[in-house]
């Protein structure tokens, strides 16, 4: 076509290119024009299978035939079919108006890739140069020359695999030296005036170009072909441009000077640091064509010097095999999947030259069931073959390791003790035939980029197109396996963005694994560049923020386990960035500082506070997560989190949320609380320990779950060993733990012994033997010389039997009807000092049985039952020693049993019309109640007077449960559903067992209250007929009556006629205030009816 076109004017109106594309049929649609070439118009078209690139040769005359070129292009296509780095035209179509060269469109070429982030590293540039020389060598072996090698004709995929394309046998071999228009017409398609053409291809005016033997065309004359030396020169120019960061080696004028010997290339190649690459380029662009080596010779000489040995022995063959198209492909050319195009499939239509109508080949239904994609198959293969790939990666590192022996990693994390089956770091790999250990050596990163970077690019390109979650999990395993063979900069710039993208995957298992892999990769980094100093606040934290509210529990649990390593790693990156600033390495560009220097120069303290605030926001959301599993995961490694937050934030955020965990039904959460409270207490300070933590621990000694009690004793032992308890506080704890020496649970006994032994070490010797030991000796079979764990465990008396213990707990649950337990509660309340507690416990422990004045008929019956179970007189003394603990345990069991189970609560919400807003997760707010007094009809004076009389007698009665801490707060109000609810709420708030009775059964049915009954119902004839009082365990205990309405209440009291039987008397409304509040507006929906009113 080049020789044919030369006989016609070079300028011709091409007209609208879409009209030419329309000749290809309705399935191919013109999209836009590419470039400014005048010889072959390049356009991008759309096809149902993807994008196409069509080069259009507009015929100067409809009678021009292109059949000769069609045959030649077909021969070249068949010859280049098996070369992995060649991608030639797939279709050739000729019509009356034009000729068309069609192939799949690839988004990027080498010219674009050089200036695209992430910029090519040295090993990647060598990898591209190696592929280029290999492709040209194989093409030359097939006796096919290219003729137009330039950076625009080298297609580059997203994994840096190149395809040499657009073979130009149809372009002229020789060009006139004195007329640059021919060069611009045929070869300068980009308009940059860059020249890759060999100098010998230009001939002077009047001189004849040197012809080489070539086939004879139809006219009987010989054609000149492109020699291998010409292609070597063009390839040398491309490699030089590659290593010069996109700067072309020659323009057309510079090439003419170089042809005349007026230009020295040493200055042009001075920017290339690699001496081997520089010498290679000089050989390829030698002015004498005979001095240029062949492609085979170039590859042979560069083996092991310029190009790594792994390129020849393994890597090129392996990557080419991974890129092989499926066996059922309908197109014989290599497929280029994975490029950054909207659709990467190759068009399968075949176009006939006669009518130019595309005939689509039979393809599968694209809307059928989604099957594994080609990327899934490639990812599975890379994962399965990693065992054979890794030796070539390690070999390169060992060869370069010998030159650097004094490398010291300053910011490497210290080795920490791991907890098997608990810690998720370091991540265990799942790669076939490879050890699951992540770090086989102490090396965390490679010293320089190697072949691992090429494998990483292959993995990254395919993971984006994987459709199956299993393939993405395989990719994450390969990422971690490659991490130790990559430089730290490659980890952050190349690997981390692809892992972050998987954080938003549709599959929960992929999101969780991606988060764990991301943290592990970030933890392996020991050196950062200035550009990555702010990677956490600007990139990592904003991208993982969505995982806090992830709908899947497994993802939130994974984030809760990762928040501590996240905080520690973020601080380490901040310190490394600060070190760069301190050494002057971190310098901002002048143009940035010029505008707003203060905006970019952030101090270390300010950056740390911002980081703490970000982590605190994430932590607060996890601490209030509805699932107890998430809360336990946060508590797993709480000590480092306390150090990160500091004392103030630990008290304000962490401790305030953790205390609420003790109300949770999940005993594992309560266990985890006391497992972590030691570290929190050490960081929170002595005041928080004394005022908040220690009272909760003493209360938890009577927890219904014995494992929790054992864990509390272990926590007390650890706190005592740390010296955080004062002397008087140890005595108080001693009085509460001595009784556990008789507990039937061996863990609790060992925990009590450990605490006593630890306390003895921190008390003066005189106190130990004069105060502690006289109380302790009653629990021992013999005297001991040293108070340590081994001595106490060997000499402690046998514990109370389990049967007797369980029966005693059941007996204590009926404490209100027995003098034994009720009398003990009265005497126990008089103990106001630790010394008295120990002394009382010593006297109780030394007793021989239950005192007779503390027994009633019910007690005698229960003691007889215990004796039948095997309780002896000795065990009666043990029962007396554990009486206080058993009573508290019984009360806790009763209270715990009355709490609604989650499934019962959900069922209750489904079956009843009364709904509590707090159970539905509504944010509580204050509610104001207003009664419609005018709608309330009077009842009979007899009913009202009787109800008020009973109420008044109840409030005046001094009889009450021993657990009452203050008199009940009761006001009188008109009967109705809201007031009944309010009375019950006030009763629960004040801990009282007395309650104002309901006026009618109708009002009880209309009350909107919890269905939980209080386990502590006061007994007595005065309240025997009263309705049940509903207790709310979760209500605050310090609520009081509103002072605002107290005056109105007192003013309305004189109108009450107690026992007078006057109808129509109304009490002042009962109004209470509480810290807990609910959202919504409640109005009474029912009113009292008179006796004569119909039901």
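Just so it is clear, none of the values below were taken in a lab; they were calculated from the coordinates. Quantities reported herein were computed from a predicted structural model and do not represent experimental measurements. Here the Cβ is made from the backbone with ideal geometry for all residues, glycine too, and neighbour counts use every protein chain on show.
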In bins 5 Å wide, starting from 0, what share of all Cα pairs of the range 440-485 does each bin hold, as a percent? 5, 20, 28, 22, 13, 8, 4, 0
What is the distance in Å between the Cα centroid of the range 672-709 and that of the range 28-72? 79 Å
Within 10 Å of each residue's Cβ, count the other Cβ atoms and sort 431, 923, 555 from fewest upward. 923, 431, 555
Length gained when the stretch residue 868-residue 923 is fully extended (0.36 nm per residue, less Cα-Cα span): 14.4 nm
Here FRET efficiency (C-beta to C-beta, residue 554 to residue 668, R₀ 25 Å, nearest 0.05) is 0.90
Simple label model, 7 Å out from Cα along Cβ direction - residue 141 to residue 253, nm: 4.4 nm
Debye intensity ratio I(q)/I(0), log10, the range 223-302, q values 0.11, 0.17 Å⁻¹ (C-alpha model): -0.28, -0.67
So the pair-distance distribution of the range 636-790, from every Cα-Cα distance in 10 Å bins, comes to percents of 11, 40, 33, 14, 3
Per the Kirkwood formula on distinct C-alpha pairs, the Rh of the range 125-169 is how many angstrom? 10.9 Å
What does a probe at residue 384 reach in the range 455-470, counting residues whose amide N is under 16 Å from the point 7 Å along Cα→Cβ? 470
Show me the three semi-axes of the equivalent ellipsoid for the range 477-546, from the C-alpha gyration tensor (sqrt of 5 times each eigenvalue), largest first, rounded to whole Å. 20, 15, 8
Apply the a/c threshold of 1.5 to the C-alpha gyration tensor of the range 2-104 and tell me whether it is rounded, prolate or oblate. oblate
Relative exposure of 47, 377, judged by other C-beta atoms within 10 Å (fewest first): 377, 47
170, 583 arranged by Cβ crowding within 10 Å, fewest neighbours leading: 583, 170
